[in-house]
Amino acid sequence: MTSTSMKITKVQFRAGLSGYVAELSSAMLGAELGLPVTHLDSHASYIDHWLKLLKDDDRAILTAAAKAEEASTLLLKLAGRIMPEQFDDVSDDAALAA
């Protein structure tokens, strides 16, 4: 019997990164789903707010991007937009980057 369950990794964030991860996830999902880009100016100004965090921690962008990819991939998997083996590959990549 083939298991249809998926491995869900607990997503943890360092203090201050959760909003940045959410913003990056939103941009990644919008690009993947082909959503209109008319709202990207607001994304840019919001991300600009996080520059101080990124200047203080040179790995913050890598951590946030890895967690954003992990969150986006989970949502795409749950929506049936990607195959389970693709999900496992992305989780491995995110773990290496974090």
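The values are calculated or read from the model by the stated rules, or taken from the named source; none is laboratory data. Worth saying up front: this structure is predicted, and the values here are computed from it rather than measured. Cβ coordinates were reconstructed from backbone atoms using ideal geometry, including for glycine residues, and neighbour counts include every protein chain displayed.
Screening SER3 with (1) at pLDDT 70 or above; (2) surrounded by fewer than 12 Cβ atoms within 10 Å (Cβ to Cβ); (3) not β-branched (Val, Ile, Thr) gives one miss only, at (1). May I ask you to list the residues in segment 58-74 that are of a type outside the set (A, V, I, L, M, F, W, C) and either under 15 Å from ALA27 (Cα atoms) or in contact with a helix residue (DSSP H, G or I) (Cβ under 9 Å, 6 or more places away or on another chain) (or both)? If the condition is that a residue be of a type outside the set (A, V, I, L, M, F, W, C) and either under 15 Å from ALA27 (Cα atoms) or in contact with a helix residue (DSSP H, G or I) (Cβ under 9 Å, 6 or more places away or on another chain) (or both), then THR63, LYS67, GLU69, GLU70, SER72, THR73 are the ones that fit.
Quick check: is even one residue across segment 44-52 modelled with pLDDT of 80 or more and in a helix (DSSP H, G or I)? No: zero hits. Entry remark, segment 23-41: residues being touching a Gly at 6+ places or on another chain (Cβ under 9 Å) and either on the phi > 0 side of the Ramachandran plot or among the aliphatic types (A, V, I, L, M) (or both) number 2 in total.
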